[in-house]
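Right, one structure below, let's go through it.
The values are calculated or read from the model by the stated rules, or taken from the named source; none is laboratory data. It should be emphasised that the depicted structure is a prediction, and the values quoted were computed from it without experimental measurement. Because the Cβ atoms are built from the backbone with ideal geometry, glycine has one as well, and the counts that use them run over all protein chains shown. The accessibility values were calculated without ligands, DNA or RNA, using every heavy atom of the protein model including side chains. Shrake-Rupley method; radii C 1.70, N 1.55, O 1.52, S 1.80 Å.
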Amino acid sequence: MTPLFYAAGMLALMALGACSEERHPLDRHLGQLRPETVAALPDMGWPPGTLLCPLTMYQSELPGSAPPADRVNAFLKQKQFLGDEGLWSLIVVKPMPEGDAGIEQLLFKRADYDVFNEPEMLKREGGTLPTGFVPQTCVSVERARVLVTRPQRSDRTLIVFGAA
């Protein structure tokens, strides 16, 4: 009887392992960064000229109407995307023709960090920007950096996309 229970237990563990979600390499990278640093992003194989546009929790569109916001917002509207508390996303805009060609949305579960994309949000949380770091709504993959910080009254790490 014991070998039968052992075999059933092993099968259950294998099934759980097969069902577990593998984290995206970018998500793993961001989760490993320590506060009070500015870091480059890992090479994800995106072509030069690709823009990275993070959407924070609850954010369903990029602010403004200038490119690439107009293309990205049309893409998000077509997908009927609505941001919520449990997700943030990264919009990857590859240098391609007009419309939604070359636009990809990577969805990430909220982890041990929060993604911000507006300096006002960071200031409201009590964080500061290091000299030379400029937050950006969309940043080219060649210049992309992330600021990792932890506000004084928080146990959450904040990630801000920008350029240095």
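Among the residues examined, E142 does not qualify as at pLDDT below 90 and acidic (D, E). Scan region 46-78 for residues that are in contact (Cβ under 8 Å) with a residue 60 or more places away in the chain and at positive phi and jot them down. G49, G64 - these are the residues of region 46-78 that are in contact (Cβ under 8 Å) with a residue 60 or more places away in the chain and at positive phi. Every test in (1) surrounded by 13 or more Cβ atoms within 10 Å (Cβ to Cβ); (2) assigned to a loop (DSSP other than H, G, I, E, B) is passed by F75 save one, and that test is (2). Among the residues of region 25-52, those that are small (G, A, S) and loosely packed, with under 15 Cβ neighbours inside 10 Å comprise G31, A40, G45, G49. Tell me, yes or no, whether region 146-154 has at least one residue that is hydroxyl-bearing (S, T, Y), open to solvent by 20 Å² or more (accessible area, probe 1.4 Å) and either part of a strand (DSSP E or B) or on the phi > 0 side of the Ramachandran plot (or both). No; the residues of region 146-154 include none that is hydroxyl-bearing (S, T, Y), open to solvent by 20 Å² or more (accessible area, probe 1.4 Å) and either part of a strand (DSSP E or B) or on the phi > 0 side of the Ramachandran plot (or both). Restricting attention to region 96-117, the residues that are open to solvent by 40 Å² or more (accessible area, probe 1.4 Å), at pLDDT 90 or above and either over 25 Å from L147 (Cβ atoms) or of a type in the set (A, V, I, L, M) (or both) total 1.
Residues in region 53-72 that are open to solvent by less than 40 Å² (accessible area, probe 1.4 Å) and farther than 18 Å from L107 by Cβ: P68, A69.
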